Each structure stands twice: as C-alpha cells, then as structure tokens.
1. Identify the residue in the range 69-79 that is buried (at least 20 other Cβ atoms within 10 Å of the Cβ) and not small (Gly, Ala, Ser) and, among all such residues, is nearest to the chain's Cα centre (by Cα).
2. Residue by residue through the range 12-51, note down the ones that are out of contact with any Phe, Trp or Tyr (no Cβ under 9 Å at 6 or more places or on another chain), more than 16 Å from residue 95 (Cα to Cα) and basic (Lys, Arg).
3. Looking at 56, 60, 99, 111, can you tell me which residue is surrounded by fewer than 20 Cβ atoms within 10 Å (Cβ to Cβ), in contact with a Leu (Cβ under 9 Å, 6 or more places away or on another chain), among the polar types (S, T, N, Q) and over 16 Å from residue 187 (Cα atoms)?
4. Please tell me if residue 139 is of a type in the set (Gly, Ala, Ser), more than 20 Å from the chain's Cα centre (by Cα) and either buried (at least 18 other Cβ atoms within 10 Å of the Cβ) or over 23 Å from residue 7 (Cα atoms) (or both).
5. With the condition kept exactly as written, say whether any residue in the range 92-111 is under 25 Å from residue 229 (Cβ atoms), in contact with a Lys or Arg (Cβ under 9 Å, 6 or more places away or on another chain), aliphatic (A, V, I, L, M) and not in a loop (DSSP other than H, G, I, E, B).
6. Restricting to the range 120-136, name every residue that is free of Cβ contacts under 8 Å to residues at least 60 places away in the same chain and either surrounded by 15 or more Cβ atoms within 10 Å (Cβ to Cβ) or among the acidic types (Asp, Glu) (or both).
7. For the range 40-68, how many residues meet the condition of being farther than 17 Å from residue 228 by Cα, under 21 Å from the mean Cα position of the chain (by Cα) and not hydrophobic (A, V, I, L, M, F, W, C)?
Amino acid sequence: MIYAIPKAVKYIAIGFLLMNLVGLDRSPIVWMDEVTLNDPAKELALNGNLISSVFSDRNSFGEAYYWQPPGQPLLMSLIYRLFGFGIWQTRLPGLFFASGILVILYFLSMSLLRNHSSAIIAILILGLDPKFIESARSARMDTQSLLLAISGIYLVFSLRSIRDNNSNTYLPSMLFAGLCLGLAGITHPLSIVWVLSLALIKLLWKHSLPTQKFIWLLVAIVAPLSIWVLSAIGSGELKLLGDKFF
C-alpha cells in the first residue's frame with residue numbers, strides 16, 4: 001500500500017512540476033488536439049451541453065460528443081466552472097497528473113523491484129523523457145488516464161501481498177483499484193490494455209487474486225463504462241455512441 005513519500009520522490013515530483021511551469025502558456029503552441037479535446041468541456045461548463053462547437057457541422061458533433069470517452073471533458077468542465085476558461089486552466093491539470101504519476105510509479109517500482117535506488121532511477125527516466133514532458137504540457141487526457149491506470153495496477157499488486165483476503169481493507173481497496181482502472185478506461189480508449197493485462201495476471205500468476213475478489217474488481221472496472229452507456233441510452237443517443245466511438 002502507499003506509505004510515507006520519501007523526500008527524494010517529493011523533490012523530483014515538485015521539481016518536475018516547477019520546471020514545466022516555465023513557459024507553459026507559450027509552449028507548446030495551441031494545437032489541434034488541445035482544441036478538439038477540451039472544447040466539449042468548455043461547452044459543458046458554459047452551456048450545459050457536452051457537444052463540440054468546433055466541429056458542430058460534422059459527424060453530429062453539434063448534437064452530442066462521443067468521439068472520445070467522457071472522462072477528460074467531465075473533469076475539465078468542472079475545472080472551467082471553478083476557475084474559468086483559459087490556457088493555464090487547460091494545461092495545468094495534465095501537469096499535476098504527470099507529477100502524481102512519478103509518485104505512484106515510485107511505489108509501483110518499489111513493489112516490483114524492491115529497491116529504492118532502482119525506483120528512483122525509474123521515475124527519473126520517465127520524468128526526463130521528452131515525450132512524457134510533451135504529453136504533460138499538451139492538455140490531452142494521457143497523463144490523467146495514466147495516473148488512474150498506474151494507481152489501479154499498483155493497488156492490485158499491493159493486494160496480492162495481503163495474506164488475509166477477509167481483511168476489512170481488502171474489498172474496499174479492490175473496488176477502489178477497479179474504479180481507478182475503469183475511470184482510466186473512460187478517459188483514454190487505449191486504457192483497455194491495462195484491463196487486459198490484469199486478466200493475464202489473473203490467468204498466469206500462480207498466487208494471483210482470489211476469483212471472488214477478482215470478480216468484484218471486474219465489476220468496479222466495468223461500472224464507469226456502464227454508466228456512460230446507460231446515460232447514452234437514457235438520452236436516446238446509443239446509436240450515436242456506437243457510430244462515433246465503437
């Protein structure tokens with residue numbers, strides 16, 4: 001489970017955040033993904049409709065937005081409602097998520113490698129990776145999804161070390177792990193890979209998760225997607241969801 005964060009990890013995560021605050025409103029320049037992925041959040045925050053005004057005349061985007069999962073638009077709409085709409089409000093969340101990834105990755109690396117120095121090297125490699133930095137500054141859903149996915153994976157690995165499967169913390173932690181993975185799945189479509197990885201862990205690992213608890217994990221994973229699909233059914237937009245996303 002997550003314990004006290006070592007000072008070195010705090011310094012790396014905070015240093016990453018501060019380093020990337022420099023010129024965040026100027027680099028990168030506003031680009032297509034940043035506009036198309038956050039415009040629906042702006043519309044939801046300002047007008048109460050999850051639509052795309054940028055592509056309102058194409059593919060029914062002006063009626064409902066199902067081109068990408070709703071995780072990022074819902075979060076960003078909340079941020080816009082609270083703090084207003086602007087370049088800083090759009091780009092800062094991804095940077096905070098990226099900083100959080102470094103912290104969670106340290107704990108995941110510790111659970112796998114059992115070595116503090118190796119875990120520190122792992123987060124330094126990621127934190128200095130140009131592609132990771134670019135993604136963190138680009139106002140996409142990547143870092144939000146990755147933070148949720150790594151958190152879920154770490155919790156699952158941690159639960160394997162709990163000998164007493166009837167522990168009062170076991171089931172809630174399992175459900176929270178599944179919820180993290182499920183939310184990752186409705187934030188970035190590629191997150192389904194994480195869910196499939198968990199299934200492989202269950203099938204191939206000798207001392208894997210108990211079947212009953214694993215079922216609860218799957219239920220929690222599927223819950224966010226189910227809510228999304230049910231909301232589309234309730235609004236009569238299931239066919240639109242199927243046409244645009246699946």
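1. Filtering the range 69-79 for residues buried (at least 20 other Cβ atoms within 10 Å of the Cβ) gives 69-73, 76-77.
Keeping just the survivors that are not small (Gly, Ala, Ser) gives 69-70, 72-73, 76.
Working: 69: 11, 70: 12, 72: 9, 73: 12, 76: 13 Å.
Here the residue is 72.
2. The answer is none; no residue qualifies.
3. Numbers: 56 fails: in contact with a Leu (Cβ under 9 Å, 6 or more places away or on another chain); 99 fails: surrounded by fewer than 20 Cβ atoms within 10 Å (Cβ to Cβ); 111 fails: in contact with a Leu (Cβ under 9 Å, 6 or more places away or on another chain).
The match here is 60.
4. Working: of a type in the set (Gly, Ala, Ser): yes; more than 20 Å from the chain's Cα centre (by Cα): no; either buried (at least 18 other Cβ atoms within 10 Å of the Cβ) or over 23 Å from residue 7 (Cα atoms) (or both): yes.
In short, no.
5. Quick first cut of the range 92-111, residues under 25 Å from residue 229 (Cβ atoms) only: none.
No, the range 92-111 contains no residue that is under 25 Å from residue 229 (Cβ atoms), in contact with a Lys or Arg (Cβ under 9 Å, 6 or more places away or on another chain), aliphatic (A, V, I, L, M) and not in a loop (DSSP other than H, G, I, E, B).
6. Step one: of the range 120-136, the residues free of Cβ contacts under 8 Å to residues at least 60 places away in the same chain are 121-122, 125-126, 128-132, 135.
The answer is 122, 126, 129, 132, 135.
7. Adding up the residues that qualify gives 1.
Residues checked against (1) of a type in the set (S, T, N, Q); (2) farther than 23 Å from residue 242 by Cβ; (3) touching a residue at least 60 places away in the same chain (Cβ under 8 Å):
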residue: 29; (1), (2), (3): no, yes, no
residue: 35; (1), (2), (3): no, yes, no
residue: 38; (1), (2), (3): yes, yes, yes
residue: 43; (1), (2), (3): no, no, no
residue: 64; (1), (2), (3): no, no, yes
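The values are calculated or read from the model by the stated rules, or taken from the named source; none is laboratory data. This is a predicted model, so every value here is computed, not measured. Cβ sites come from the backbone with ideal geometry, for glycine too, and all protein chains shown count toward neighbours.
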